[in-house]
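Working notes, structure below.
Coordinate-derived values only; no laboratory data. None of these values were measured; they are calculated from a predicted model. Positions of Cβ are backbone-derived with ideal geometry, glycine not excepted, and every protein chain shown enters the neighbour counts.
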Amino acid sequence: MGKGVKATVIGSVFAVMVGGAGYGAYNIVSALGDDGGGSGAGGSASVKTGPPSKDEIKEASAKFFAAWEKGQAATAATYTNNNAAAEPLLTAYGEDAHIKGVKITPGAASGATIPFTVKATVSYEGKSEPLAYESKLTVVRGKTTGRALVDWQPSVVHPQLQKGDTLVTGEAVDPPIEAVDRNGVVLTKAKYPSLGPILDELRAKYGDTAGGIPGIELSIRHQAEGAADTSLLTLAEGKAGKLRTTLSASAQAAAETAVKKYAESSVVAVKPSTGEVLAVANHREDAFNAAFLGKLAPGSTMKILSSATLIDNKITSMNGPAPCPNEAVWQSQTFHNLKGMAPNEKATLSDSFARSCNTAFVKYADEVKVDSLTKEAEDHFGLGRDNWKTGIPSFDGSVPASGGPDTAANLIGQGQVQMSPLNMASVTATAMTGRFRQPIIVSPKLDDRELATAEGLSASTVAQLRAMMNRTATSGTAAGVMSGLGGSIGAKTGSAEVDGQSKSNSWFTGYRNDIAAAAMTQDGGHGIDAAGPIVAAVLRTGG
């Protein structure tokens, strides 16, 4: 998800992205039946084809808007290409969400897409509040009827709605919280927008514990089991209970600013001496917490863990051999380095790590057992056991014992290896201190949860990893990004080729004194192009 890696054959070696909407997912138009079920679906002598005309787009959207404004859910649904999915949500909009007096104002069309604003009133048990937001829709040609129809997506009704979601107004499921950082600074969605989903999860889990009282709210109820509601509007204030987090307001502010510069980016910072999460930020259209839940190949940032595997299994050492040829073949799969990288047959592991030479690691695939990397990840770095309890939902990383070409690909962070920025920040913290401290965002004392443990690393392995990461940060591939950062520093760059993407995913992880951070930017290029500047910005805060 190493730097510049590109195998000759693209297949199982490359990671398939999974996660939330937009995180390796794709939209499938589910209109397989009657294209909306409205009149004109059958018996037509000729069916129109091709893109809808300007007039058709205007007419179809106008009919849909008019029916929606009148609360005629069944009629509005017939103007979409998925009547069965559209009608329940449009019905819930008026009945369960108690949204009335809807006024829709369309904007100027851009091709077949029309932006629009919605103004309405939410009324429930004598409480009323105005509601206003923006959304958009696209008009398409019905596949069987040839009619111009609204391409149905839940986001048409509200931009934060996803498949399976619905809208409800009533007493909130969970009491509100006043989340504060490690120093008592209040953390709000308004000031720290990317904390929104995280604050929702914290509220769902700790709202009762914090001692709050529920209010009346308009919320999105998500389909996924256990997913926290997303509050959209408060009609009657409840009483918020105070919840202390491990976050640092200064680090969080820097993280939020940094990810905004790159689309589809996520970053996590942790305190290596404690495992406390200092910052978590995402800049994504789908609001998915990819920082904690993303599952993507980490590219050459994985070479931290791979180097530890080589060292701990006495295959080589920091100053031991790790030749870097132009290419390396493993079970008919050919691997290359970053374009323009000069070969070095006399390279040490430190040399190849600092330059992010892929072939040096691939060449050792013969000496690494199928499960060596898996055992290193589980036993020493605490990854892949599905037992992290951070305080909110998170992914623990996955380093499966893969045979075939993936044995080599896993060593350079491709193949079947999957990580999140949280996982890689933890890997860096473990490499830096020698101890695995499971990341947490709230104290385990709140709910007596048992944290994951692992053996950690020997003093010798830590010394070698830190020396190699420091070299990478001061004179290797990360030097330009880490320039100007004082104190004890180290880093590793990474990029991961993903089948179907024009650019690789950008990865970067690094540490400075008692803060370790990792970032990922989908379709961001090399590690230094996007993820690197994000991490450096967070490290500058010092936590």
Karplus 3J(HN,Hα) series, Hz, for the range 444-449 with 6.51 cos²θ - 1.76 cosθ + 1.60 (x for Gly, Pro): x, 5, 4, 9, 6, 7
How high is the relative contact order of the range 171-243, given as a whole-number percent (alpha carbon pairs under 8 Å, six or more residues apart)? 41 percent
Give me the distance between the Cα centres of the range 453-515 and the range 204-267, rounded to whole Å. 31 Å
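Give the Rg/Rh ratio for the range 315-441, taking Rg as the radius of gyration of the Cα atoms and Rh as the Kirkwood radius, to two decimals.
1.00
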Kirkwood Rh and Cα-based Rg: tell me the resulting Rg over Rh for the range 250-539, rounded to two decimals. 0.94
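Roughly speaking, what is the stretch gain from Ser443 to Asp523, that is 0.36 nm per residue apart minus the C-alpha to C-alpha distance, in nm to one decimal?
25.3 nm
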Cβ crowding within 10 Å averaged over residues, with 283-293, 183-193, 427-437, 215-225 ranked highest first: 427-437, 283-293, 215-225, 183-193
Run the helix sum for the chain: -39,500 (n - 2.57) per DSSP H stretch of 4+ residues, divided by residue count, reported at 222 nm to the nearest 500 deg cm²/dmol. -7000 deg cm²/dmol
If packing is taken as the average number of other Cβ atoms within 10 Å across a peptide's residues, how do 440-448, 380-388 rank, most packed first? 380-388, 440-448
J(HN,Hα) series, the range 359-371, from Karplus relation 6.51 cos²θ - 1.76 cosθ + 1.60, nearest Hz, glycine and proline x: 5, 4, 6, 4, 4, 8, 4, 4, 9, 9, 5, 3, 9
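How large is Rg over Rh for the range 171-243, taking Rg from the Cα atoms and Rh as the Kirkwood inverse mean of 1/r across Cα pairs?
So for the range 171-243, dividing Rg by the Kirkwood Rh gives 0.94.
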Per-q log10 I(q)/I(0), the range 420-512, q = 0.15, 0.18, 0.19 Å⁻¹ (Debye; single scatterer per alpha-carbon; no solvent): -0.71, -0.90, -0.96
Sort Lys303, Lys492 so that the residue with the fewest other Cβ atoms within 10 Å of its own Cβ comes first and the one with the most comes last. Lys303, Lys492
Order these by the 10 Å Cβ neighbour count, fewest first: Ser495, Ser402. Ser402, Ser495
Taking Rh as the Kirkwood radius computed over alpha-carbon pairs of the chain and applying Stokes-Einstein at 20 °C with viscosity 1.002 mPa s, one gets a diffusion coefficient in µm² s⁻¹ of 86 µm²/s
Compute the distance in nm between two label points, each set 7 Å from the Cα along the Cα-to-Cβ direction, one at Lys375 and one at Thr474. 3.4 nm
DSSP bridge orientation in the chain - percent antiparallel, rounded to nearest 5: 90 percent
Can you give me the relative contact order of the range 250-539 as a percent, contacts being Cα pairs under 8 Å and 6 or more apart? 23 percent
The range 342-458, relative contact order [Cα under 8 Å, separation at least 6], %: 27 percent
Equivalent ellipsoid semi-axes - Cα gyration tensor, the range 54-161, angstrom: 24, 15, 10
Show me 103-109, 296-302, 352-358 ranked by packing, highest mean number of other Cβ atoms within 10 Å first. 296-302, 352-358, 103-109
Give me the number: length gained by fully extending Thr209 to Ser332, i.e. 0.36 nm times residue separation minus the C-alpha to C-alpha distance, one decimal in nm. 38.6 nm
Scan around Asp523 for amide H atoms under 5 Å from its own, H built in the peptide plane at 1.01 Å from N, and keep only partners 5 or more places away or cross-chain. Asn505, Ser506
Aspartates and glutamates whose Cα lies under 18 Å from that of Lys346, excluding same-chain neighbours fewer than 8 positions away: Glu327
